[in-house]
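*Asks:* Here it is: the structure, laid out below.
The values are calculated or read from the model by the stated rules, or taken from the named source; none is laboratory data. In this text, all values refer to a predicted model and were calculated from it rather than measured experimentally. As a convention, Cβ positions derive from the backbone with ideal geometry for all residues, glycine included, and neighbour counts pool all protein chains shown. Note: accessible area is taken over every heavy atom of the protein model, side chains too, but ligands, DNA and RNA are not part of it. Shrake-Rupley method; radii C 1.70, N 1.55, O 1.52, S 1.80 Å.
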Amino acid sequence: MNIISYFNKFVEESFNNFLKKYFYESNYWNKTSNIDNYINFMTDLDNFNYIFMTNVIKLYFEYIDETFFNTSYRRKYCSSKGFYQRTVLTLFGEVTFKRRYYYDKKDKERFYFTDYFLNLPKRKYFDPFICANICEEAASSSYSKSGKIIANKIGKRINNNICISRASARNIVMNFSIDNDNSEENKRRIEKIFIMLDEKFVGSQFNNEKDHMIKAAVLFENTELVYKYKKKEDSINRYKLVNSHTCASIDNDLLKDTIDYIYNTYDVDSLKEINFMGDCALWIKNFPKSNWFKFDNNIQINFSMDGFHFSQALGNLTTQKYDDVYNALYEYVSTNNKEDFTRLCNEFLDLFPERKEVIESKRDYILNNWNERQFYQNHSYLKCSMESHISHIFADLFTSRPKAYSKKGLKQLLKLRLLKVNNKDIKNMYFNNFKNKEIKVNHSSTYYNKFDNYYNEINFDKIFHFDNYINFI
């Protein structure tokens, strides 16, 4: 019996058994009105779907092995060493199938033909679709939550007892070799780019109780007005960033990553101005001074203090009780009146000597970065929203709940998070990464071309490739 006839018989028997129960043996006229009628039907349908799909996959996998077993190549060169079972967890459910273990007398090698044909990872319980989905989910959720979300997608929808543990989810993510290629074929030609800088501290493990410091940069080309007014008075003039991209590192690679992104994305010969914005921390002020940003001798490099940290410093200096002092100081900065700003700060300090340390530090912070603040407020096209990006991109995943990370684990999750916020297709990248590994293996394997005669014999136009599995699933 060929595969089509066997499959037709399998489908007919499966559906007949299920439909017979509900349309020939149900005896509806003897039943009373009861929610159990609905619950039982939906539960049985759920079970039927689960069993049917897993049996289809099992049927296909075992058919691959049976087909090879009957080929002339196998009969001539390969002896069977018996059946061995393998269990794989797919999005349709757990599949246990049999395949033969072969010994090739010609090449002195042992192999499972089904595993070679589908190119499934050796000795792995989770199939690549499960792994790719977990990697995608882990970019925005914890390992534990990612495992639960993907487990709930598997097989049965009603009585699902599949469990993917936190440890399993973490192992899957850590084994994902992430290659973040930002190169573009057609480089964009623009005159200005904007770069916002800030850092986020994350709890650490095995790091002498020192927090990990994530240095981050958000690059964009312009801002677009989303709306002028909404329901609340303070919800006005909201902007979005045009073609934004986020870079981040805990290994002091931020400068390299930022430069690489600019080189690979833009025609640097067209750039005339790069505007940096941030809170004026020492590393942030030194960042634009790198000679790597001098793509051209005439390019203009600007740095400015963003509005959030300026307002925060003024607020800490005056406290919420003295709005009049806050407004006066704000006005002095807006009009570039450095002398009166210093005078009023000192007078305020005389009134509250017990707050000397805070008042002096915030006063000096603004005075030391006076020119950077003047540049920001005098150029209306400068708009910095880095603090909200830090909160949304990093704090949401890494510090919203008490957690600590090893350096290796944080680096991997940070890469995934950046893929997510930069709108990369994580699942597709996972599959491509798997295929790249597969090509390296197959090019060194005699099995890559050894079954040409076998394919011709049964009119297959396939080679050993992970696409065989992807396309079927």
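*Asks:* Beyond a 23 Å Cα-Cα separation, which of these cross-linked pairs lie in this structure: LYS153/LYS415; LYS215/LYS408; LYS98/LYS124?
*Replies:* As for pairs spanning more than 23 Å Cα to Cα, those are LYS153/LYS415.
*Asks:* Taking 0.36 nm per residue of sequence separation and subtracting the Cα-Cα distance, how much length would be gained by fully extending the chain between ASP36 and ASN8, in nm to one decimal?
*Replies:* Fully extending the segment from ASP36 to ASN8 adds 6.8 nm.
*Asks:* Hey, another quick one. Between TYR103 and ASN222, what's the calculated FRET efficiency when r is the beta-carbon distance and R0 is 56 Å? Round to 0.05.
*Replies:* Working: r = 65 Å, r/R0 = 1.16.
About 0.30, to the nearest 0.05.
*Asks:* In square angstrom, rounded to the nearest 10, how much accessible surface does ARG363 have for a 1.4 Å probe?
*Replies:* Here the accessible area works out near 40 Å².
*Asks:* Of MET429, MET196, which has the most accessible area with a 1.4 Å probe, and how do the rest follow in descending order?
*Replies:* Putting MET429, MET196 in descending order of accessible area: MET429, MET196.
*Asks:* So for the range 54-189, what percent of the C-alpha to C-alpha distances run longer than 28 Å?
*Replies:* 38 percent
*Asks:* Quick check on packing: order 135-142, 259-266 by the mean number of other C-beta atoms within 10 Å, highest mean leading. Show your work: numbers first, answer last.
*Replies:* On the way: 135-142: 20.8, 259-266: 17.6.
The most tightly packed comes first, giving 135-142, 259-266.
*Asks:* Between ASN423 and SER361, what length in nm is gained on full extension when 0.36 nm per residue of separation is reduced by their alpha carbon distance?
*Replies:* Working: separation 62, 0.36 × 62 = 22.32 nm, distance 4.03 nm.
Stretched out fully, the ASN423 to SER361 stretch lengthens by 18.3 nm.
*Asks:* Let me ask something else. Once every DSSP H run of n ≥ 4 in the chain is given -39500 (n - 2.57) and the sum is divided by its residues, what mean residue ellipticity at 222 nm do you get, rounded to the nearest 500 deg cm²/dmol?
*Replies:* The helix-only estimate for the chain comes to -14500 deg cm²/dmol at 222 nm.
*Asks:* Cross-link candidates for LYS192: which lysines have Cα within less than 18 Å, leaving aside residues fewer than 8 places away along the same chain?
*Replies:* The reachable lysines, counting only those whose Cα sits under 18 Å from LYS192, are LYS240, LYS272, LYS289, LYS294, LYS383.
*Asks:* Apply 1/(1 + (r/R0)^6) to the Cβ-Cβ distance of THR335 and SER165, taking R0 = 45 Å, and write down the FRET efficiency to the nearest 0.05.
*Replies:* Numbers: r = 61 Å, r/R0 = 1.36.
In this case the efficiency is close to 0.15.
*Asks:* Distance from the Cα centre of the range 155-177 to that of the range 357-376, in angstrom?
*Replies:* 50 Å
*Asks:* Only Cα pairs under 8 Å and at least 6 apart count here; give the relative contact order of the range 82-216 as a rounded whole percent.
*Replies:* Values: 142 pairs, mean separation 21.3, N = 135.
Here the relative contact order equals 16 percent.
*Asks:* At 7 Å along the Cα-to-beta-carbon direction for both VAL242 and SER400, put a label point, then send me their distance in nm to one decimal.
*Replies:* Each label point lies 7 Å from its Cα, and together they span 3.1 nm.
*Asks:* To check you understand DSSP bridge types, tell me what percent of the beta bridges within the chain (both residues inside) are antiparallel, rounded to 5.
*Replies:* 70 percent
*Asks:* For the range 304-412, what is the convex hull volume of its Cα atoms per residue in Å³?
*Replies:* 153 Å³
*Asks:* What nm distance separates the two modelled labels at ASN286 and LEU91, each placed 7 Å from Cα along Cα→Cβ?
*Replies:* Going by the 7 Å Cα→Cβ label model, 4.8 nm.
*Asks:* Here is a further query. Any chance you could look up the accessible area of HIS379 with a 1.4 Å probe, heavy atoms only, rounded to 10 Å²?
*Replies:* The accessible area comes out at roughly 50 Å².
*Asks:* Label ILE473 and LYS407 with points 7 Å out from Cα along Cα→Cβ: what is the distance between them in nm?
*Replies:* 3.5 nm
*Asks:* Also, I was wondering about something else. Report, in degrees rounded to the nearest 10, the 0 to 90 angle that the Cα long axis of helix 323-334 makes with the longest principal axis of the chain.
*Replies:* Compared with the principal axis, the helix lies near 90 degrees.
*Asks:* Let me ask you something else. How big is the C-alpha Rg of the range 248-314 next to the rule-of-thumb value 2.2 N^0.38 Å, as a ratio?
*Replies:* Against the compact-globule rule of thumb, the ratio is 1.23.
*Asks:* Expressed as an acute angle from 0 to 90° and rounded to the nearest 10, what is the orientation of the C-alpha long axis of helix 254-265 relative to the principal long axis of the chain?
*Replies:* Taking the Cα atoms of the chain, the angle to 254-265 is about 70 degrees.
*Asks:* With an 8 Å cut-off on Cα pairs and a minimum separation of 6 or more residues, tell me the relative contact order of the chain in percent.
*Replies:* The value is 16 percent.
*Asks:* I would also like to ask the following. Two decimals is fine: what's Rg over Rh for the chain, C-alpha atoms, Kirkwood radius as Rh?
*Replies:* Details: Rg = 31.4 Å, Rh = 27.9 Å.
For the chain, the value is 1.13.
*Asks:* Taking 0.36 nm per residue of sequence separation and subtracting the Cα-Cα distance, how much length would be gained by fully extending the chain between PHE352 and PHE83, in nm to one decimal?
*Replies:* Numbers: separation 269, 0.36 × 269 = 96.84 nm, distance 8.51 nm.
My answer for the length gained is 88.3 nm.
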